[in-house]
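Here the structure comes first, spelled out in structure tokens, and everything after it is commentary.
Laboratory data are not the source of any read-out in this text; all were calculated from the coordinates shown. Remember, predicted model here, so these are calculated numbers, not experimental data. Neighbour counts are summed over all protein chains in view; Cβ atoms, including those assigned to glycine, are modelled from backbone coordinates with ideal geometry.
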Amino acid sequence: MEFFKPATWSEALAIKAEHPDATPIAGGTDIMVELNFDVRRPGALLDLTEIAELREWSAVGDGFRVGSGVSYARIIEELGASLPGLAMAARTVGSPQIRNRGTVGGNLGAASPAGDSHPPLLAGAADIEVASVRGTRRIPAAEFYKGVKRNAMEPDELIAAFHIAAADGPQQFAKIGTRNAMVIAVCSFGLALHPSTRTVGTGVGSAAPTPRRASDAETFLAGELEWDSPGPLRDSVLVRFGELVAQAASPIDDVRGTADYRRHALSVMARRTLGWAWDSYRRN
Amino acid sequence: MRLRCKVNGEALEADDVWPGESLLYVLRERMGLPGSKNACEQGECGSCTVYLDGVPVCSCLVAAGQVEGHEVTTVEGLAEGERLDPVQQAFVEKGAVQCGFCTPGLIVATHDLLERRCQPSDPEIREALAGNLCRCTGYEKILDAVRLAADRKAAS
Ligand SMILES: Cc1cc2nc3c(=O)[nH]c(=O)nc-3n(C[C@H](O)[C@H](O)[C@H](O)COP(=O)(O)OP(=O)(O)OC[C@H]3O[C@@H](n4cnc5c(N)ncnc54)[C@H](O)[C@@H]3O)c2cc1C
Ligand code: FES
Ligand code: FES
């Protein structure tokens, strides 16, 4: 097996162009499990951890460009105040050791429907920046996930970063699992309220072949919320929002839960996260 | 490949390393450092926890090739000669060790916690050790040991 260890991004892109089969490795928290258990024997590994710029983030306009190699631990520490939805999701990933090493880039590369970054990236309308020797393009998160563990990347492309606006209102994330640490989501839900545009963002995880938005729920809620004189939410709004979120999913029965349970849990998470987010909007 | 890295302060080399094997395998099988334990090889148990460039990670999830030129500290690197690190000493005194398989990882994780927070609350301790499983002790004595080490550290 070949092991490439480029020191620069342009070198990495050149290697990926010449060896499209080379498997990128960042934190290794997905890939190494497959190697250790002989599930996968790639012909070549492309180590991205020496590339300093992938570990950097910067403020751009009203948001951030976050390198694909920034760990969950650093997202929580350094960006938690500006990206609360993503930070909440990051706090639920694995364990401290996994969060020290695992990256959003790796979550996007693996594109598991259960990946915890995806709901907040969808709710926050993030763009994924991918690059190759041919150039750079930005893919909206909603178009990035293509199927179970498939994403919109070409074989010669690598994930450089994601772009996401700083929160302009309350954000929430909820995840169902059997315990608090070290758990793959049975299903998950991300919510972002955008008072500045009077819109709502959502992301549903682990309840369809890909993470996806609940668009009807977003439109419904944006029309119902009384942004200017925020009173308590009517029960009918909470219930309808929950129903529409559950309807956006197309879950399956598997070892972690049944489709029915997932739909039910999604409607509960949608109601609860909306309640929390709206309370926090009213307080401010 | 020939792997060169710094382990517990010492520049080490290993030959014929397959770059996709884990750092844990390198430490145990090639460098004669069996302190870090192999219990799951999938990041679930934390018994292989080491510092990589000062950050605690599961060494079973780091590819050997990624460690080239980097610095590793294992449980073997924490004591000063015969003198145990205060965290190790507290684990011994509080009976936080039964079969001992989880202990090296817990020691490294606790060591890191106390570097960052000298008087952690119980929820903070639980959160910091959430990636380390123990099938023997029921965790109570481990928590006792962490509190003792924290108290001593704060007093010193
Ligand atoms: C014990 C344990 C618990 C876990 N818990 C959770 C959890 O709670 N929630 C969760 O979402 N995940 C969890 N995971 C899975 C994993 O930690 C995450 O998916 C993590 O985000 C992967 O990041 P990484 O940098 O380690 O990826 P790697 O393993 O390095 O890579 C993952 C995939 O992405 C590709 N890749 C990586 N970087 C790039 C790039 N820049 N460009 C193109 N492709 C790239 C790789 O080729 C590979 O296919 C867990 C894993 C373990 C071992
Ligand atoms: S052996 Fe590495 S976490 Fe279990
Ligand atoms: S002492 Fe046996 S696993 Fe912890």
P(r) histogram, all alpha-carbon pairs of chain B included - 5 Å bins from 0, percent: 2, 10, 20, 22, 19, 13, 8, 4, 1, 0
Kirkwood hydrodynamic radius over Cα pairs of segment A:148-284, then Stokes diffusion coefficient at 4 °C and 1.567 mPa s, in µm²/s: 81 µm²/s
Taking Rh as the Kirkwood radius computed over C-alpha pairs, what is the Stokes-Einstein D of segment B:3-76 at 4 °C in a medium of viscosity 1.567 mPa s, expressed in µm² per second? 110 µm²/s
Within segment B:57-146, which GluC sites (Glu not before Pro) sit in a loop by DSSP and count at most 15 neighbouring Cβ atoms inside 10 Å? B:E82
With +1 at each Lys and Arg Cβ and -1 at each Asp and Glu Cβ, the charge dipole magnitude of chain B around its Cα centre, to the nearest 20 debye, comes out at 340 debye
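Enter the mean number of other protein chain beta carbons within 10 Å of the beta carbon of each residue in B:92-103, as an integer. Before the final figure, lay out the partial values.
Working: counts 0, 0, 0, 0, 0, 0, 0, 0, 0, 0, 0, 0.
Partner-chain Cβ atoms within 10 Å, mean over residues of B:92-103: 0.
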For the protein assembly as shown, what is the mean residue ellipticity at 222 nm derived from helices alone (per DSSP H run of n ≥ 4: -39500 (n - 2.57); sum divided by total residues; nearest 500 deg cm²/dmol)? -10000 deg cm²/dmol
Sequence ranges B:97-109, A:45-57, ranked by mean other-Cβ count within 10 angstrom, highest first: B:97-109, A:45-57
From the gyration tensor of the Cα coordinates in segment A:89-166, what semi-axes in whole Å does the equivalent ellipsoid have, largest first, with each one equal to sqrt(5λ)? 21, 14, 12
Among B:128-134, B:52-58, what's the highest-first ranking by average C-beta atoms within 10 angstrom per residue? B:128-134, B:52-58
With charges set only on the Cβ (+1 for Lys and Arg, -1 for Asp and Glu), what does the dipole of the protein assembly as shown come to about its Cα centre, in debye to the nearest 20? 1080 debye
Which order results if A:R240, B:R2 are arranged by neighbouring Cβ count within 10 Å, fewest first? B:R2, A:R240
How big is the Rg/Rh ratio for the protein assembly as shown, C-alpha atoms only, Rh by Kirkwood, two decimals? 0.99
Mind checking the alpha-carbon convex hull of segment B:86-155 and giving the volume per residue in Å³? 70 Å³
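Of the GluC sites (Glu not before Pro) in segment A:177-227, which ones lie in a loop per DSSP and count no more than 15 other C-beta atoms within 10 Å? Mind showing how you got there, number by number?
Details: sites: A:E218, A:E224, A:E226; in loops: A:E226.
The qualifying sites are A:E226.
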Calculate the all-directions average of the projected area of segment B:50-129's alpha-carbon convex hull, and give it in nm². 6.2 nm²
Viscosity 1.567 mPa s, temperature 4 °C: what is the translational diffusion coefficient of segment A:2-164 from Stokes-Einstein with a Kirkwood Rh over Cα pairs, rounded to a whole number of µm²/s? 82 µm²/s
Can you give the average number of partner chain beta-carbon atoms within 10 Å of each beta-carbon in peptide A:16-23, as a whole number? 0
Using Cβ counts within 10 Å as a stand-in for footprinting exposure, how do B:Y25, A:Y72 rank, fewest first? B:Y25, A:Y72
